[in-house]
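The values are calculated or read from the model by the stated rules, or taken from the named source; none is laboratory data. Small disclaimer: the values here were computed from a predicted structure and weren't measured. Positions of Cβ are generated from backbone atoms using ideal geometry, with glycine treated the same way; all protein chains shown enter the neighbour counts. The area values use the complete protein model at the heavy-atom level, side chains included, leaving out ligands, DNA and RNA. Shrake-Rupley method; radii C 1.70, N 1.55, O 1.52, S 1.80 Å.
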Amino acid sequence: MLTTVRQACRFNPAIHDYRMSQGVENLAGLIEGEGDGQAFFERNYVTQGMEQLFREGLLRLSGRSDQAVFELTQAMGGGKTHMMIALGLLARHPHLRPAVLPPDLLPRVDFDQARLAAFNGRNNPDHYLWGEIASQLGAAEAIRPYWVNGPRAVDQRLWKDIIGDTPTLILLDELPPYLDYASTQVFGQGTLANMVVYSLSSLMSAALELPRCAVVISNLSGSYQAQTRALREAISNLQQETRRQAMTITPVQLAGSEIYEILKKRLIDDLPGETVVAGVAEAYARQVKKAEDGGYIIASSLERLAEQIRETYPFHPSFKYLVALFKENEGFRQTRGLMQFTARLLKSVAERPTDDVFLIGAQHLNLNDDQVRDEIERIAPNLMPAVTHDIADHGNAVAERLDAEGNGDAAQQTMTLLLASSLSRAVGSRLGLSESEIVEFLMAPTRQPDEFMHALRRLRETAWYLHREDQRFFVRETENLSRQIERNAREIPQPRIDSALVNRLSGILQPVRRVAYQEVHVLPRLDELRLGGPRTLIVIKPDGKVPPAELQNFFDQQQEKNNLLVLTGQDSLLADAVEDRLRELYAIEQIHKRLRPGDTLYEEARDRLEDAEQRFAKALSAAYNRLHFPAQSPDGNNTLAAVTIDQGLKLGEGDQSAEMQIENLLAGPRADYKLVRELGRDNLDEYFAMAETYLWPSGANNRRTPWKDVVTRAKCLPVWPWMPGANGLETLKAEALKQGRWRLGEDGYIEKGPFPKDKATVNVSVIAVKADTGETILSLTPRHAGDSPVIYWSTRGMSPGCSRSATPTTSSPRKEPSTSGSKTQPASTKVRRPYGGSPT
C-alpha cells in the first residue's frame, strides 16, 4: 500500500509556528561561548560551500594553505552568517571536528583552539571596529591609543604585532550598516569610513603575511538599497580590496539539491527508508505515463522523474522549479525566507483535512491559514486580492465554490499552483505554467488529468485574476478589465480625486502668455486664499448658483476686487459628471501603468485609456464653461459679471489653449473689453484719460498722488480695465512720462497734466576759440521752443579783431561750416536777425 507523506515522515514541531528569526544564528552568541556547537551541527546540513570553507579555512589556521582571506557571496538570508558560525565552532572546539570533517582533512588540521574575533556591522562599539577585534584577540591595551582619544586607522604592522603566529580566525559580517554610520562621522579631511576601509585593508594584507591567520568577510554588494555617495565609495573600495585578495565561496547552491537537504534537515525529524520513497517514485511515474499517453502532457524521461523524486522526497520535483521563479524577488531572504515558506507548506500538509498527499507541492498551501496568507503577502503583496477572490476565502472564493460543486479540490489546487508560479517580481521573469506543466505538476497516484483540465476551463470562465499569455496561465493583480475599472473607480478616496482634478486643471490653465492672468488657483479653500500679487485666475466647482454662493461671499469681502478672474460653471450635475469621468480615467490609468507591452490586457487597456481621456475632456469642457470677472454695474455697484464660454473650454495648446480662449473672450465685446491686449498709438490717449479719471483722487487740485496708490486703485476698482500682463500699468506710465503727460517726482508721487508752458530759452556754450584770429565757435541749444524752434542772432557792434561763429544744435554740441549759418561777428552785436542756417 502506498504511503502518504504524513504516514511516512515526522515533521519538526517548529513548522506550526516557524519564524524566520529562528534560522538566524547569533554571531555574538558564538563569541560569548553559548554552547559547544554540538546542537548546531545536529540540526544543520553541511553544504559544498561549507566543506570548501572548512577545508581552506582550517588548513590556513594549521599553516598549510596560502589562502588567507575568504569572501562569502549570497543574497541576503543566504547562509553567510550561518557558515561563519560553523567555521568558528570548528576552530574553537576540536572535539567537533571528527564528526564533521572528511577523513582526509582531519589529520591535517593539527591546531588545538584558535583565537577567535567576530564583528557584526550592526554593532557600534565605543572603541570602533579595530578596537573590538583587537580586544577579542586579547590586545586591548595595544589597540587603546588607536581609539581612546579619537579614531586612528590601524596599519599593517600593528595588525601583525597583535595577531602574531597564533592560529587566529577573524569573522566580519554585515559591514554595510557600520560603514553607513561611519560615512557620516567626519574626522579631519575624511570620515570614519575611510579609516575603517584602510584598517580592514591593512588587516587583510597582514593576514596574507601571517601563516596562521584567516579572515572571512561576507559580501558587501546589494546589502543596502539606498546608499549615500560616501557609503558607495566606502563599500566599493572595500570590495575591490577584498576581491583582490579573497577566495569567493557560495554558502548554498540553490539551483541544486542542497536546498532540499537543508529543508529536510531543519524541518523534518524522520524520513522513511528507500523502499517507501521508491514506491512513491514509481507510482508517480506510472501516473505521468498515463497522462502522456492520453495526450495531456509531454513528459521528460520517466526514469529521470523517478530519480528526481528520490532526490527531493518528500517534496515534488516541481517545488524547486517554482521556488526558483521567485527566490530572486527583492527583499526575499533566500535561505531563511525559503525555510519559512516551506515551514508554512509543511504546516498546510500536516493540518490538511484529508491525508492524501504523497509528494508535497506548492498546490498544497492552505491559503485560508493566516500564517500562509501572511507569507504570500510578504512575497507578492499585489496578489492578495487574487487570493481572496479567486482562491481562498473560507468558502467564498471562486475556486472554493467550484470545488464545492464538484466535491473535490482540483480548482483550489490548480489556482494555488498557478499562484506559486506567479510570485516572481523580477523584471522580465517567467510567469505561469502551460497546460502540460499544470497537469504534470498536479498529477498524483489517486488523481486523474481530467479533474484538473475541467477545473482549469471553469476557472477561465469565472476567475477574475487568471490570465493567459503565450499558452501560459498565471495569476496577476489585474482583474477582468471592466470590473476592475468599476471597482477601482468606486474605491478611489475623494481626496485623491480632488488632487487629480486640481493637477489636470492646473496643467490646462497654466499661464504661458500671462496677458489675461498670471497665477492660477484651482479649487482652493477660499477662506485661506489671499490676493495681493499678480492677477489671479481662480477655479471654483459649480454649485448650481450663478455665481457660486461661496464665490460671491469671497468677492464681497475682498479689497482688491479688480485683481481676480473666476472660472466655474452653471450646472452642478455637469461637475459631478466630471468627477465620475475622472474616477474612471484615474482607475484605468492605474491599471495601464501596471501593464507592459505584450500583456493580455495591454492593448485593451490602452484603447480604454484613450476613450476615457476623451470622455473626461468632454465632461470637463462642458462643466467649466463660465467666466466671472469684476465689473461696475449700471447703478455703480461693484459686481462679478459673467460671460459664457461658447462650445466649452478648450484643452489644447497655443491658439487652442484655454488661456488664449479666455484672453480672446475678455478682450472682446461680450466681456465689455475688460482686457486690453496691447497698448499702442491707437489707444494710449484713451487709457491715459481713463487712468486720470479713475486712478487719481477726485478733485481739481488732486493732480499729484503716490504712484503706489494708483497701482492699488487699479487692483481695487472693477471699473478700471485690465492692462496687458503683470506690468501693463507700468507700460502705460512709461508712455505717459515719455510724452510729458505725467511727471514722476523723486518722492514717488506722480503728477498728471496739463502743465504750464515753459519759457523758451537758448543754452549757449563755447565749443572752441581760434588763437590766431580770436574767432570763437559757439553751440546754441533751444529749450522749451516747440518741435521746430528758430534762433535769431545779431552781427552789430562787434569789436575789431573779435569774431564768433555760432552753431545751432538740439542736442550735443557740433561744429557746422560757416556756409550753414555760422559767421564771424563782433562780440557786442545786439541787433537780432533771423538765423540763416537750418532751424534746430
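Assuming Ala455 fulfils every condition listed in (1) in contact with a strand residue (DSSP E or B) (Cβ under 6 Å, 6 or more places away or on another chain); (2) of a type in the set (Gly, Ala, Ser); (3) buried (at least 16 other Cβ atoms within 10 Å of the Cβ); (4) assigned to a helix (DSSP H, G or I) apart from one, which condition is it? Answer for Ala455: the failing condition is (1).
Within the range 527-541, does at least one residue satisfy the condition of being of a type in the set (Val, Ile, Thr), closer than 22 Å to Ala641 by Cβ and over 33 Å from the mean Cα position of the chain (by Cα)?
First pass over the range 527-541, keeping only residues of a type in the set (Val, Ile, Thr): 536, 538-540.
Adding the requirement that they be closer than 22 Å to Ala641 by Cβ leaves 536, 538-540.
Adding the requirement that they be over 33 Å from the mean Cα position of the chain (by Cα) leaves none.
No.
Considered as a group, the residues in the range 601-652 that are touching a helix residue (DSSP H, G or I) at 6+ places or on another chain (Cβ under 8 Å) and of a type in the set (Asp, Glu) include one that is farthest from Val512 (Cα to Cα), and that residue is Glu604.
Residues are listed down the side, and each one gets a yes or a no for (1) out of contact with any Asp or Glu (no Cβ under 9 Å at 6 or more places or on another chain); (2) assigned to a loop (DSSP other than H, G, I, E, B); (3) at pLDDT 95 or above; (4) hydrophobic (A, V, I, L, M, F, W, C):
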site: Leu679; (1), (2), (3), (4): no, yes, no, yes
site: Asp682; (1), (2), (3), (4): yes, yes, no, no
site: Glu686; (1), (2), (3), (4): yes, no, no, no
site: Ala689; (1), (2), (3), (4): yes, no, no, yes
site: Glu692; (1), (2), (3), (4): yes, no, no, no
site: Pro697; (1), (2), (3), (4): no, yes, no, no
site: Asn701; (1), (2), (3), (4): yes, yes, no, no
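When Leu158, Leu172 are checked against the criterion of being at pLDDT below 95, of a type in the set (A, V, I, L, M, F, W, C) and surrounded by 18 or more Cβ atoms within 10 Å (Cβ to Cβ), Leu172 stands alone in meeting it.
Check whether at least one residue in the range 75-96 is touching a Gly at 6+ places or on another chain (Cβ under 9 Å), open to solvent by 60 Å² or more (accessible area, probe 1.4 Å) and not in a helix (DSSP H, G or I), and report yes or no. Yes, that holds for at least one residue. Of everything in the range 37-49 that is part of a helix (DSSP H, G or I) and open to solvent by 10 Å² or more (accessible area, probe 1.4 Å), the residue that is nearest to Ile249 (Cα to Cα) is Gln48. Applying a threshold of 6 Å to beta carbon distances and a minimum spacing of six or more residues, or different chains, the list of pairs starting in the range 359-382 at a residue that is farther than 23 Å from Ser429 by Cβ and ending at one that is at pLDDT 90 or above and among the charged types (D, E, K, R) reads Gln371/Arg344.
Just one of (1) within 28 Å of Phe41 (Cα to Cα); (2) under 40 Å from the mean Cα position of the chain (by Cα); (3) open to solvent by 10 Å² or more (accessible area, probe 1.4 Å); (4) not charged (D, E, K, R) fails for Pro103. It is (2). When the range 503-524 is filtered for residues that are farther than 19 Å from Lys715 by Cβ, of a type in the set (A, V, I, L, M) and not in a helix (DSSP H, G or I), the ones remaining, listed by number, are Val512, Val522, Leu523.
Collect the residues in the range 347-402 that are of a type in the set (Val, Ile, Thr) and not in a helix (DSSP H, G or I), keeping them in residue-number order. Matches in the range 347-402: Thr354, Val357, Ile360.
Hey, among the residues in the range 357-375 that are open to solvent by less than 50 Å² (accessible area, probe 1.4 Å) and in contact with a Lys or Arg (Cβ under 9 Å, 6 or more places away or on another chain), which one's modelled with the lowest pLDDT? Talk me through it step by step, then tell me what you get.
Restricting attention to the range 357-375, the residues satisfying the condition of being open to solvent by less than 50 Å² (accessible area, probe 1.4 Å) are 357-365, 367-369, 371-373, 375.
With the extra rule that they be in contact with a Lys or Arg (Cβ under 9 Å, 6 or more places away or on another chain), the set shrinks to 357, 364-365, 367, 369, 371-372, 375.
Numbers: Val357: 96, His364: 96, Leu365: 96, Leu367: 96, Asp369: 94, Gln371: 92, Val372: 93, Glu375: 88.
So the residue we want is Glu375.
Scanning the range 717-729 for residues that are open to solvent by less than 20 Å² (accessible area, probe 1.4 Å) and either without any contact (Cβ under 8 Å) to a residue 12 or more places away in the chain or part of a helix (DSSP H, G or I) (or both) returns a single hit, Gly728. For the range 692-707, what are the residues that are open to solvent by 90 Å² or more (accessible area, probe 1.4 Å) and closer than 21 Å to Glu746 by Cβ? Arg704 - this is the single residue of the range 692-707 that is open to solvent by 90 Å² or more (accessible area, probe 1.4 Å) and closer than 21 Å to Glu746 by Cβ. Figure legend. Inter-residue proximity from the range 750-767: first residues small (Gly, Ala, Ser), second residues surrounded by 11 or more Cβ atoms within 10 Å (Cβ to Cβ), beta-carbon distance below 6 Å, spacing 6+ or different chains. Indicated pairs: Gly753/Arg741; Ala760/Ala785; Ser765/Ser779.
Entry remark, the range 247-297: residues being among the polar types (S, T, N, Q) and under 18 Å from Lys80 (Cα atoms) number 3 in total. Residues that are among the hydrophobic types (A, V, I, L, M, F, W, C) and assigned to a strand (DSSP E or B) were ranked within the range 184-218; the one that is surrounded by the fewest Cβ atoms within 10 Å (Cβ to Cβ) is Val186.
Can you confirm whether Leu129 is closer than 30 Å to Phe341 by Cα and not in a loop (DSSP other than H, G, I, E, B)? Talk me through it step by step, then tell me what you get.
Details: closer than 30 Å to Phe341 by Cα: no; not in a loop (DSSP other than H, G, I, E, B): yes.
The answer is no for Leu129.
Candidates Arg447, Arg401, Arg430, Arg378: the one that is at pLDDT 90 or above, open to solvent by 40 Å² or more (accessible area, probe 1.4 Å) and either in contact with a strand residue (DSSP E or B) (Cβ under 8 Å, 6 or more places away or on another chain) or not polar (S, T, N, Q) (or both) is Arg401.
In the range 749-790, of all residues being more than 26 Å from Glu735 (Cα to Cα), assigned to a loop (DSSP other than H, G, I, E, B) and not acidic (Asp, Glu), the one that is most open to solvent (accessible area, probe 1.4 Å) corresponds to Ala771. Taking the stated definitions as given, is Ile497 within 22 Å of the chain's Cα centre (by Cα) and of a type outside the set (D, E, K, R)? Here the answer is yes, as Ile497 does meet what is asked. Within the range 551-576, the set of residues being assigned to a loop (DSSP other than H, G, I, E, B), polar (S, T, N, Q) and in contact with a Lys or Arg (Cβ under 6 Å, 6 or more places away or on another chain) comprises just one member, Gln570.
Of the residues making up the range 50-80, those that are polar (S, T, N, Q) and at pLDDT below 90 are Thr73, Gln74.
Restricting attention to the range 106-122, which residues are open to solvent by 80 Å² or more (accessible area, probe 1.4 Å) and in a loop (DSSP other than H, G, I, E, B)? If you could, list the steps in order and put the result at the bottom.
First, the residues of the range 106-122 that are open to solvent by 80 Å² or more (accessible area, probe 1.4 Å): 107-108, 110, 112-113, 122.
Within the range 106-122, Asp110, Asp112, Gln113, Arg122 qualify.
Looking across the range 504-563, the residues that are surrounded by 15 or more Cβ atoms within 10 Å (Cβ to Cβ), over 22 Å from Leu729 (Cα atoms) and of a type in the set (Lys, Arg) come down to Arg504, Lys541. Selection within the range 450-484: residues that are charged (D, E, K, R) and in contact with a helix residue (DSSP H, G or I) (Cβ under 8 Å, 6 or more places away or on another chain). The member of this set that is modelled with the highest pLDDT is Glu451.
Within the range 502-523, track down each residue that is aliphatic (A, V, I, L, M) and in contact with a Leu (Cβ under 9 Å, 6 or more places away or on another chain). Break it down stepwise before answering.
Going residue by residue through the range 502-523, those that are aliphatic (A, V, I, L, M) are 502, 505, 508-509, 512, 515-516, 520, 522-523.
Hits for the range 502-523 are Val502, Leu505, Ile508, Leu509, Val515, Ala516, Val520, Val522, Leu523.
If only residues of the range 490-503 that are charged (D, E, K, R) and free of Cβ contacts under 8 Å to residues at least 40 places away in the same chain are counted, the one that is least open to solvent (accessible area, probe 1.4 Å) is Asp498.
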